[in-house]
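Notes follow once the structure below has been shown.
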Amino acid sequence: MAILTFTLSEEGVTAFRDALNCLSKFSEDVSIEARKDSFFLSTMNTSKSAYASFRFATNRFFGRYQYQATGQFQDKFYCSMYIRGLISLFRSRSGVESRGDVDKQTIIDRCDIAIEDGEGVKSRFIARIIFRNGLTATHRLPFEVSMPVHAKFNRQEALYHWSISSRTLKQLVDHFGPGTEYLEVNTDGDHVNFTCFSEKTISDDAVLKKPLHTSISVETDEFDDIDVEDKLQIVVSIKDIRAITQHAAITGNAIAARYSLPARPMQLSYASDAISCEFLIMTVGERGGNPAQRTKKARKGASSSNNHIPPHLEATSRRTSAAPSQTSAEIQRQQSEMPPPASSRQPSNPTPRLSAAKASASRIGAFDFRPSQRPPPPTLRSESLFVDDEAWEPVRDEDEDGDENARLEWDHSADPVSDLVNCW
Amino acid sequence: MRFHSDLKNIRTFAKLTAAFSTLEKLVWLRLSDETAHFTVVPDTGSQIWSTLPMDFLFENCTIQSAEPSNTINLELSLQPLHRALKSAQGSISASLRLTKKKGVPVLSMTITTSTKSSSKFGNAPPAAAPLKPPSSYDDPFGDVDEDFQAAGAEHTHLETSLRREHEKIITQDIPIRVLHPDTVASTVQPSLQEPDVHIQLPPLLQLKSISDRFTKLALASGGSSSKSPRLEISANMHGGLRVRIATETADISSAWTDLDNPQLDPAQLRVPIEEHPSTKFRDRGPDSWASIYVDGKDWSRVLSAGRLEGRVIACFCHNQSLVLYVYIPHYDDGAADDAVLTYHVQAYSA
């Protein structure tokens with residue numbers, strides 16, 4: 001029998017797919033958690049350095065939402081699914097993404113979802129997708145009943161916060177080139193600096209393969225509100241930030257960051273009409289010279305628009321101890337491994353990159369470092385603002401990459417025309 | 001060694017780097033008081049040689065070098081350069097400076113921009129951008145206000161518009177290698193002959209899509225020689241151009257007519273105009289074709305020059321060489337002289 005049934009409208013399908021797309025940048029699996037009056041999608045990446053969750057307001061987001069408590073799922077239902085399988089349902093023949101020949105008739109009109117489980121019933125996620133043209137497709141996906149892992153965030157501990165328009169933040173992120181791994185946010189008087197860099201060591205003769213090193217200085221006035229310790233350097237994964245800002249910019253609302261010190265999690269949150277989004281990402285970094293000094297600015301009425309987001313999510317399951325929010329025992333252990341923040345500060349050090357490198361070295365020791373932080377493949381290189389016109393791309397076939405990688409060496413090109421037949 | 005300059009014609013500069021990077025990952029840039037040379041020489045394939053007047057891309061420029069005639073030779077990776085220039089498009093101002101960061105030489109681009117003008121529609125004249133009053137008609141992000149209101153946030157229009165005018169400083173550090181004059185001495189431009197036929201090419205997007213189709217056709221039809229199909233390109237002095245592909249199973253050609261064979265300037269010629277090879281080709285009539293074979297994929301990369309939106313003159317030496325002159329118009333200054341790129345197309349005899 002169906003434990004959970006709900007309906008997604010046309011816009012609901014799009015919003016659901018956007019959320020899943022965002023989640024898929026963190027992990028392969030998504031956890032679904034449903035109660036009588038709440039619906040969560042969440043995931044944690046394999047290295048447990050990033051956690052993402054989307055809370056849907058059941059009464060506003062879903063056309064119809066019904067939770068039937070049964071058997072083991074008395075107060076809540078939970079399961080885990082393969083994200084790509086789920087995304088592909090909502091993409092089916094809609095042609096929304098492919099700008100090519102958009103057939104309006106195959107746009108999804110609505111989607112009825114039923115989740116069945118229990119004694120003598122196959123565990124299935126059943127999606128009935130009704131297209132504009134009257135076609136109905138029914139998909140049955142298997143799922144695994146497993147308790148979701150939530151990361152906790154201690155709002156009391158997070159002394160520092162800022163919030164900014166998500167579109168402004170995305171425009172900043174768009175300036176960062178491919179091949180970089182880290183984003184450092186530091187405050188300096190009335191400016192906030194966003195610096196994107198790579199830590200990969202590169203031999204001298206490959207110096208031209210280094211990625212673009214980008215740094216953006218933003219006036220604090222640009223923020224809706226900000227309250228951060230001066231000279232605090234906090235470093236996060238640029239890949240996570242890209243995933244978050246890309247989704248946040250769709251909603252267009254302000255995005256709020258809350259954090260404390262390096263090696264403690266940062267919370268990024270924003271909300272749209274019926275969805276609250278929360279991300280916890282692990283940080284590294286350096287503390288500045290004067291912890292008492294703050295970079296501060298408050299805008300009347302602009303802050304605290306996201307305060308309805310729960311201070312921390314559910315107090316979790318068996319894997320909690322490995323999550324970014326460690327138990328007190330873990331914090332103790334980590335503090336013993338990390339140098340105390342006060343002594344690690346290097347006020348005379350003007351090279352954030354160097355210090356960040358040091359910090360992240362210690363991060364690898366203290367924290368299970370994320371293995372998947374490779375630069376995005378070249379195909380993902382162009383982001384929204386930077387779309388090249390494809391028509392001018394040369395014709396090429398798949399196995400040509402070898403030639404493409406050939407490098408120019410001035411020293412060896414004494415006879416640059418040697419392979420031209422009978423020329424000049 | 002010092003180099004500092006403000007950037008202008010940023011859109012053109014970005015297009016140039018895009019065209020360069022279809023042929024090679026790296027570019028050799030030689031800066032001097034008067035000229036900027038951009039040279040692209042891949043291991044195999046077509047080469048680009050260009051000499052641009054310094055004021056085509058730069059202004060308020062300072063160069064100091066110990067090298068002869070005050071030149072600076074740099075090798076730089078095109079992808080980061082292109083990316084940085086894209087960042088600078090629509091900015092209020094942008095400048096370039098040769099410097100060292102942590103002991104490593106970089107070309108540091110400093111961009112002053114505002115949130116609004118960094119949008120994709122932000123190609124407004126630089127000076128006007130920050131002063132422009134926000135209006136829901138010309139503001140690409142006019143929908144922002146609506147969204148804010150819909151979400152119940154308490155931003156007033158005034159607040160949002162004020163915030164948009166904040167300037168941001170973006171620094172993009174492009175990795176470079178400073179080249180010694182001895183290193184670059186061995187790279188010399190292929191010599192240029194008096195052409196048998198010179199002709200203005202049809203719109204490059206058209207030429208490219210047909211050429212690409214031929215190349216793909218040859219690739220798809222298989223066979224041992226299909227790894228790199230050769231296209232035959234021919235032109236005459238009577239406005240005719242042909243592109244032809246011949247495989248074991250197919251022989252297709254496309255022809256253009258009524259193209260322009262521009263007049264030569266006798267003052268620029270090494271031989272009297274009546275003895276010039278092109279005069280002889282013209283006299284022999286429309287059946288006299290100068291032909292050359294090109295590699296389909298390389299030709300496709302060359303034709304990416306079309307994104308520069310300039311006139312292209314092709315110079316054929318029958319069975320010997322093909323050189324393209326790509327004229328780059330000034331986007332910011334219509335009255336100024338065009339700059340020219342010289343493409344030495346990798347060519348094969350029959």
- Message: Testing A:Leu280 on (1) of a type outside the set (Val, Ile, Thr); (2) within 21 Å of the chain's Cα centre (by Cα); (3) within 14 Å of chain B (Cβ to nearest Cβ), one condition comes back false. Which one is that?
- Response: (3)
- Can you find even one residue in segment A:145-159 that is farther than 30 Å from A:Gln66 by Cβ, within 14 Å of chain B (Cβ to nearest Cβ) and outside any strand (DSSP E or B)? no
- Query: Going through segment B:163-192 one residue at a time, which ones are assigned to a loop (DSSP other than H, G, I, E, B) and within 7 Å of another protein chain (Cβ to nearest Cβ)?
  - Reply: B:His166, B:Leu179, B:Ser186, B:Thr187, B:Pro190, B:Ser191
- Could you check A:Thr251 against (1) within 16 Å of the chain's Cα centre (by Cα); (2) surrounded by 21 or more Cβ atoms within 10 Å (Cβ to Cβ); (3) of a type outside the set (Gly, Ala, Ser) and say which number it fails? (2)
- Item | Unmet criterion (only one of (1) surrounded by fewer than 22 Cβ atoms within 10 Å (Cβ to Cβ); (2) farther than 30 Å from B:Ile292 by Cβ; (3) within 10 Å of chain A (Cβ to nearest Cβ); (4) not basic (Lys, Arg)) for B:Val106 | (1)
- Assess whether A:Phe16 counts as being over 14 Å from the mean Cα position of the chain (by Cα) and of a type outside the set (Asp, Glu). yes
- Item | Matching residues in segment B:1-54 - criterion: being of a type in the set (D, E, K, R) and free of Cβ contacts under 8 Å to residues at least 40 places away in the same chain | B:Asp33, B:Glu34, B:Asp43
- Task: State which residue is farthest from A:Phe39 (Cα to Cα) when the search covers only segment A:258-282 and only residues that are small (Gly, Ala, Ser) and touching a helix residue (DSSP H, G or I) at 6+ places or on another chain (Cβ under 9 Å).
- Result: A:Ala263
- Quick check: anything in segment A:275-289 modelled with pLDDT under 90, more than 23 Å from B:Thr113 (Cα to Cα), surrounded by 21 or more Cβ atoms within 10 Å (Cβ to Cβ) and among the acidic types (Asp, Glu)? yes
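Table: residues versus (1) more than 12 Å from chain A (Cβ to nearest Cβ); (2) surrounded by fewer than 22 Cβ atoms within 10 Å (Cβ to Cβ); (3) modelled with pLDDT of 95 or more; (4) not in a helix (DSSP H, G or I).
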| residue | (1), (2), (3), (4) |
| --- | --- |
| B:Ala19 | no, no, no, no |
| B:Thr51 | yes, yes, no, yes |
| B:Ser69 | yes, yes, no, no |
| B:Leu76 | no, yes, no, yes |
| B:Gln79 | no, no, no, no |
| B:Lys86 | no, no, no, no |
| B:Ser91 | no, no, no, yes |
- How many residues, within segment B:294-313, are of a type in the set (Asp, Glu) and closer than 18 Å to B:Glu232 by Cα? 2
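Do we find that A:Gly118 is more than 25 Å from the chain's Cα centre (by Cα) and outside any strand (DSSP E or B) in this structure?
Details: more than 25 Å from the chain's Cα centre (by Cα): yes; outside any strand (DSSP E or B): yes.
Taking the combined requirement at face value, the residue satisfies it.
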- Message: Scan segment A:44-58 and tell me whether some residue there is in contact with a helix residue (DSSP H, G or I) (Cβ under 6 Å, 6 or more places away or on another chain), over 24 Å from A:Ala257 (Cβ atoms), of a type in the set (Lys, Arg) and surrounded by 17 or more Cβ atoms within 10 Å (Cβ to Cβ).
- Response: no
- Hey, among the residues in segment A:211-241 that are in a helix (DSSP H, G or I), of a type in the set (Asp, Glu) and within 14 Å of chain B (Cβ to nearest Cβ), which one's surrounded by the most Cβ atoms within 10 Å (Cβ to Cβ)? A:Glu222
- Item | Only listed residue being assigned to a strand (DSSP E or B) and not β-branched (Val, Ile, Thr), chosen from A:Leu172, A:Leu183 | A:Leu183
- With respect to the numbered conditions (1) over 17 Å from A:Trp392 (Cβ atoms); (2) more than 14 Å from chain A (Cβ to nearest Cβ); (3) buried (at least 18 other Cβ atoms within 10 Å of the Cβ), which one is the sole condition not fulfilled by B:Thr35? (3)
- Task: Select from segment B:193-219 the residues that are within 10 Å of another protein chain (Cβ to nearest Cβ), in contact (Cβ under 8 Å) with a residue 60 or more places away in the chain and within 21 Å of the chain's Cα centre (by Cα) and list them in ascending order.
- Result: B:Leu204, B:Leu205, B:Lys208, B:Ser211, B:Asp212
- Task: Would you please name the residue that is farthest from B:Gly45 (Cα to Cα), looking only at residues in segment B:275-320 that are assigned to a helix (DSSP H, G or I) and among the small types (Gly, Ala, Ser)?
- Result: B:Ser278
- Note on the structure: If we keep only residues of segment B:268-299 that are of a type in the set (A, V, I, L, M, F, W, C) and under 30 Å from A:Glu393 (Cα atoms), then the residue surrounded by the fewest Cβ atoms within 10 Å (Cβ to Cβ) is B:Trp289
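The values are calculated or read from the model by the stated rules, or taken from the named source; none is laboratory data. Computed from a predicted model, the values in this text were never measured in an experiment. Neighbour counts run over all protein chains shown; Cβ positions are idealised from the backbone, glycine included.
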